[in-house]
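Peer 1: I have a structure I would like to understand better, so I am pasting it below and will then ask my questions one at a time.
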Amino acid sequence: MDLTYTEEEQDFRARLRAWLAKVLPELPARPSPDDWPGRRAYDLGWQRRLYEAGYAGLHWPVDAGGRGATPTQHLIFLEETERAGAPYVGANFVGLLHAGPTIAAEGTAAQRARWLPPVLRGDEVWCQGFSEPDAGSDLASLRTRAVRDGDDYVISGSKIWTSHAEVADWCELLVRTDPDAPKHRGITWLAMPMDAPGVTVRPLRTLAGSTEFAEMFLDDVRVPVADRVGAENDGWRVTMVTLSFERGTAFVGEVVACRRTLGELARTAKANGRWDDPVLRRRLGRLYGEFGALWRLTQWNVSEAGRSAGGVPGIGGSVFKLAYSHARQELYDTAAEVLGAQSLSLEEEWTLDRLSSLSYTIAAGTSQIQRNIVAERILGLPKGR
C-alpha cells in the first residue's frame, strides 16, 4: 500500500499554504469573546474568504455546493489551516458541521438549493435546538410539540444549550409531532427561522464566562411544512445522521489543535523547569501517543465518510467521541500542572480551554451514551434492562 501523498495532493497543500500565508495577515483583529455580533461578522467574513478562494465546503458533495475533494485533501486542509493559526469555524459550527451536512444528505433538491449556499458563502448562521431541560442524554424524551395546522406546524416548548442562538438565522429543531407514538417514532426534524414570531432567546453564561449557549422559548411559532427535513415522525432517523456528523467528523480540526497544544505544553514545561518531573514527562508522552492514535482514527472516519452515501460517518464516530472527550480533559488537566499557579487565572487561554473541556464528556452525547452505543452496536452486547 502506498501511503505517500500523490503529486496532486502535494500541489494542493502547497497552493493552500501559499494562500494562507497571503490572506491571514490581512484579517482584522479578532473581536472580544463577549462581542457576539462582532464574532459573527468575523467568522462569516472568514467563511466568505474561504468560499471565494474555493475552499468552502471542500469535502461536501458537488451536488450540495461543495468541492467534492478527496478525504486526504480534506485532512490536508485541516492540518494546514491549524498549522497556520487560521480562524476556526466559530459561529458557523452548526451550519457547516451539523445542519448543512444533514441537509445535504437528507434534504430535497429545493432545500439544498435554499439553505446550503448561504452557509458556504458565509451569509447565514445556524444553531442547534435539540436538548431540553428534561431531555438531554435521553434526547428522545423531548416534549416540544408541533401541531399541524394546514401548511404550517405550530410549535410550543423550550430548548436549552442552544448553540449560537443569539446570532443565528436558522435553527435545526427537533419537535414531537405524534405524542402517542413510541418516543423515538414521533419526532420530526425542522428548519426554523430564528426571526419567527414567538421565538425568545436568553443567553446562558458558562463556567468560563462565555455565552455561546442559550435557552430558547417557543410560543406558538409557525414553521412551514416545507421546512421539514425528512418525513413527519421520521426525525429520529434524521437526527442520527446529524449526530453521526457531530461525533464522527465535526471535531476533526480540534484534534489537530490539541496535537499542537501538546507540543506547546512540552516547550513551556522545558522553559519553566517542570520538565524535570518524570511523572509529567510520562504523562505528556502518553498523551502524545493517544492523540496520535486519535488522529489515525480521525483519518479513518473521514475516509469512511467520504466513501459512504451522502458522506455520513459510521459508527466509529462514537468510539472517537468517547476517547477524544477524555483525552482532551486530561490534556488540559496536564496544562494546569505545567502552568502551576497561573492555571487559576482566567486570562490564560489554557485555563479557559480546561474549563471548556469539562463539557466534552456531556456535549454531543454523554460518555455513558457513547459506551452504550459501542457496547450494543459494535460489540453486540445485549441492551441493559
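Peer 1: Going by alpha carbons, how many degrees (0 to 90, nearest 10) lie between the helix axis of 252-272 and the longest principal axis of the chain?
Peer 2: 30
Peer 1: Right, another one. What dipole magnitude, in Debye to the nearest 20, does the chain give about its Cα centre under +1 on Lys/Arg Cβ and -1 on Asp/Glu Cβ?
Peer 2: Numbers: 45 positive and 51 negative charges, 196 e Å.
The calculated dipole for the chain is roughly 940 debye.
Peer 1: State to the nearest 20 debye the size of the charge dipole of the range 323-385 about its Cα centre, where the only charges are +1 on K and R beta carbons and -1 on D and E beta carbons.
Peer 2: Computed charge dipole of the range 323-385: roughly 680 debye.
Peer 1: Taking 0.36 nm per intervening residue step and subtracting the Cα-Cα distance, what contour gain separates residue 355 from residue 89 on full extension?
Peer 2: Computed gain between residue 355 and residue 89 is 93.8 nm.
Peer 1: Here's a follow-up. Among 375-383, 7-15, 148-156, how do they line up by average Cβ neighbours within 10 Å per residue, starting with the highest? Mind showing how you got there, number by number?
Peer 2: Details: 375-383: 9.9, 7-15: 13.1, 148-156: 15.3.
Highest to lowest by the protection proxy: 148-156, 7-15, 375-383.
Peer 1: Which whole-number percent is the relative contact order of the range 146-197 (Cα, under 8 Å, 6+ apart)?
Peer 2: 31
Peer 1: Here is a follow-up. May I ask you to compute the full-extension gain from residue 226 to residue 52, defined as 0.36 nm times their residue separation minus their alpha-carbon distance, rounded to one decimal in nm?
Peer 2: On the way: separation 174, 0.36 × 174 = 62.64 nm, distance 3.03 nm.
59.6 nm is the gain from fully extending residue 226 to residue 52.
Peer 1: I've got another one for you. Leaving ligands and nucleic acids out of the surface, order 326, 98 by accessible area at 1.4 Å, largest first.
Peer 2: The most accessible residue leads, giving 326, 98.
Peer 1: Next up: How far is helix 316-339 tilted off the main Cα axis of the chain, in degrees rounded to 10, range 0 to 90?
Peer 2: Tilt relative to the chain: about 50 degrees.
Peer 1: If 160, 76 are ordered by their accessible area, calculated over protein heavy atoms with a 1.4 Å probe, which sequence runs from highest to lowest? Don't skip to the end; give the middle numbers.
Peer 2: Numbers: 160 30, 76 0 Å².
So, going from the largest accessible area down, we get 160, 76.
Peer 1: Which residue, chosen from 255, 217, 285, occupies the Cα position most advanced towards the positive end of the dipole of the chain, where the dipole is computed from +1 (Lys, Arg) and -1 (Asp, Glu) charges on Cβ about the Cα centre?
Peer 2: 285
Peer 1: With every protein chain present, what is the per residue accessible area of the chain (1.4 Å probe, Å²)?
Peer 2: Averaged over the residues of the chain, the accessible area is 47 Å².
Peer 1: Place a label point 7 angstrom from the Cα of residue 138 along the Cα-to-Cβ direction, then list the residues of the range 151-170 whose backbone nitrogen is under 12 Å away.
Peer 2: No residue passes the distance filter.
Peer 1: Could you tell me which of 167, 155, 192 has its Cα farthest along the dipole of the range 127-193 towards the positive end, charges placed at Cβ (Lys, Arg +1; Asp, Glu -1), taken about the Cα centre?
Peer 2: Of 167, 155, 192, it is 155.
Peer 1: Please work out the Cα center distance from the range 97-168 to the range 212-227, rounded to the nearest Å.
Peer 2: 8
Peer 1: Additional query: Count the net charge of all other residues whose Cβ sits under 15 Å from the Cβ of residue 179, scoring Lys and Arg as +1 and Asp and Glu as -1.
Peer 2: Values: positive: 143, 145, 148, 176, 183, 185; negative: 132, 134, 178, 180, 232.
Residues close to residue 179 contribute a combined charge of +1.
Peer 1: So for the range 84-242, averaging the separation of alpha carbon pairs under 8 Å that are six or more residues apart and normalising by length, what relative contact order in percent results?
Peer 2: 24 percent.
Peer 1: For the range 77-216, which whole-number percentage of the solvent-accessible area (1.4 Å probe, protein heavy atoms only) is attributable to carbon and sulfur atoms?
Peer 2: 50
Peer 1: Still on this model: Helix 71-83 versus the longest principal axis of the chain: what angle, 0 to 90°, nearest 10, using Cα atoms?
Peer 2: 60
Peer 1: Now, a different point. What ranking, highest mean first, results for peptides 81-87, 116-122, 65-71 when packing means the other Cβ atoms within 10 Å averaged over each residue?
Peer 2: Descending packing order for the listed peptides: 116-122, 65-71, 81-87.
Peer 1: Please give the calculated 222 nm ellipticity per residue for the chain, where each DSSP H segment of at least 4 residues contributes -39500 (n - 2.57) and the sum is spread over every residue; nearest 500 deg cm²/dmol? Each step should come with its number before you reach the end.
Peer 2: Values: 11 runs with 173 residues, N = 385.
Value at 222 nm, helices only, nearest 500: -15000 deg cm²/dmol.
Peer 1: Report the net charge of residues surrounding residue 334, where surrounding means a beta-carbon distance below 13 angstrom and charges are Lys +1, Arg +1, Asp -1, Glu -1.
Peer 2: Charge balance near residue 334 sits at 0.
The values are calculated or read from the model by the stated rules, or taken from the named source; none is laboratory data. Just so it is clear, the structure is predicted and the values come from calculations on it, not from any experiment. Methodologically, a virtual Cβ is constructed for each residue, glycine included, from the backbone with ideal geometry; neighbour enumeration extends over all protein chains shown. Only protein heavy atoms, including side chains, enter the accessible area calculation; ligands, DNA and RNA are left aside. Shrake-Rupley method; radii C 1.70, N 1.55, O 1.52, S 1.80 Å.
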